[in-house]
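All remarks here apply to the structure that follows.
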Amino acid sequence: MRFHGFFRSSSAYRCRIAFNLKGIQPDTAQVSLRRNEQRSPGYLALNPQGLVPALEIDGLLLTQSLAIIAYLDETRPARPLLPDHPSDRAQARALALAVACDIHPLSNLRVLERVETLAGAEARTAWNADNIASGLAAVERLLERVPGGRFAMGDAPGLVECALLPQLYNARRWGVPIDGWPHLSRIAANADGDSRPAAAHPDRAREIAAGPAETHR
């Protein structure tokens, strides 16, 4: 099992959380988005989209973080990432998709670079902060409808946290406070106290997987 990712990629971060929750330790290959390695001929031969992550597993090459996480949950059923009841599973998937399909694409590096090219660096910052804030505000309201507990769907982290925690990390990076959102704040605080999602944090991933030049940039 070989995982191709970048320490600060939200999508790769999702997969690292899932690996840790499942107790899986893949070999990791760093694909530096800073150096545009995702667009190199060698990586494009692996993943024609030129995106991270990509996972070599069971003779397959899988792309797209939620597809990777779903495959792991279906083929490595120990420590499931989804609740037992179908309605709860649907709610968990909806929350994960609200982040991965509605918030994240507008904060993707390619989009932010385009915004900066068209309107400048200040517009890029304003665009991203507004996108993250409005998206997380909606997620906070959606969290009012689910079982709750220490995490979104109970007392153990799962699929929702795989998608949500990287977005909360991005909120901190872009100056979007989450203090006014009690459900998001609760999940973030409990995740900080859980060694499994905490170990997937970009700072930890950078220390473990990146070379010296990346680690100190």
Of all residues in segment 71-89, which are free of Cβ contacts under 8 Å to residues at least 24 places away in the same chain, assigned to a helix (DSSP H, G or I) and farther than 22 Å from GLY148 by Cα? TYR71, GLU74, THR75
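Restricting to segment 80-97, name every residue that is within 20 Å of the chain's Cα centre (by Cα) and surrounded by fewer than 16 Cβ atoms within 10 Å (Cβ to Cβ).
Applying the first criterion (within 20 Å of the chain's Cα centre (by Cα)) to segment 80-97 yields 80-83, 89-97.
Result: ALA90, ALA94, LEU97.
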Test each condition in (1) surrounded by 15 or more Cβ atoms within 10 Å (Cβ to Cβ); (2) closer than 26 Å to ARG35 by Cα; (3) at pLDDT below 95 for GLY148 and report the one that comes out false. (2)
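Is it the case, given these coordinates, that PRO105 is out of contact with any His (no Cβ under 7 Å at 6 or more places or on another chain) and crowded, with 21+ Cβ neighbours inside 10 Å?
Working: out of contact with any His (no Cβ under 7 Å at 6 or more places or on another chain): yes; crowded, with 21+ Cβ neighbours inside 10 Å: no.
Judged against the criteria, PRO105 is not a match.
Give me a count of the residues in segment 14-23 that are surrounded by fewer than 19 Cβ atoms within 10 Å (Cβ to Cβ) and either at negative phi or polar (S, T, N, Q) (or both). Full working, then the answer.
Let us first name the residues in segment 14-23 that are surrounded by fewer than 19 Cβ atoms within 10 Å (Cβ to Cβ), namely 22-23.
Okay, now just the ones that are also either at negative phi or polar (S, T, N, Q) (or both), so 22.
Qualifying residue count, segment 14-23: 1.
Quick check, is GLY59 surrounded by fewer than 23 Cβ atoms within 10 Å (Cβ to Cβ), under 30 Å from ALA94 (Cβ atoms) and at pLDDT 95 or above?
Values: surrounded by fewer than 23 Cβ atoms within 10 Å (Cβ to Cβ): yes; under 30 Å from ALA94 (Cβ atoms): no; at pLDDT 95 or above: yes.
Judged against the criteria, GLY59 is not a match.
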Among ARG89, ARG93, ARG110, ARG76, which is the only one that is farther than 12 Å from GLN167 by Cβ, charged (D, E, K, R) and at pLDDT below 95? ARG110
Segment 24-42, subset touching a Gly at 6+ places or on another chain (Cβ under 7 Å) and in a helix (DSSP H, G or I), residue most open to solvent (accessible area, probe 1.4 Å): ARG39
As an exercise: evaluate LEU118 against (1) open to solvent by less than 70 Å² (accessible area, probe 1.4 Å); (2) part of a helix (DSSP H, G or I) and give the number of the one condition it does not meet. (1)
If I go through segment 179-202 residue by residue, how many of them are under 17 Å from the mean Cα position of the chain (by Cα) and part of a loop (DSSP other than H, G, I, E, B)? 3
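Only one residue in ALA205, ALA171 is out of contact with any strand residue (DSSP E or B) (no Cβ under 9 Å at 6 or more places or on another chain) and part of a helix (DSSP H, G or I), so which one is that?
Values: ALA205 fails: out of contact with any strand residue (DSSP E or B) (no Cβ under 9 Å at 6 or more places or on another chain).
Every option except ALA171 fails the conditions.
Taking into account only those residues within segment 99-136 that are aliphatic (A, V, I, L, M) and in contact (Cβ under 8 Å) with a residue 60 or more places away in the chain, which is nearest to MET153 (Cα to Cα)? Lay out the reasoning, then the answer.
Step one: of segment 99-136, the residues aliphatic (A, V, I, L, M) are 99-100, 103, 106, 109, 111-112, 115, 118-119, 121, 123, 126, 129, 132-133, 136.
Pick out the ones that are also in contact (Cβ under 8 Å) with a residue 60 or more places away in the chain and you get 99-100, 103, 109.
Numbers: VAL99: 16, ALA100: 18, ILE103: 20, LEU109: 30 Å.
Among them, the one singled out is VAL99.
The values are calculated or read from the model by the stated rules, or taken from the named source; none is laboratory data. On a predicted model such as this, the values are computed, not experimentally measured, just so you know. With ideal geometry, Cβ positions are generated from the backbone for all residues, glycine too; neighbour counts draw on all protein chains shown. Keep in mind that these areas ignore ligands, DNA and RNA; they rest on the heavy atoms of the full protein, side chains included. Shrake-Rupley method; radii C 1.70, N 1.55, O 1.52, S 1.80 Å.
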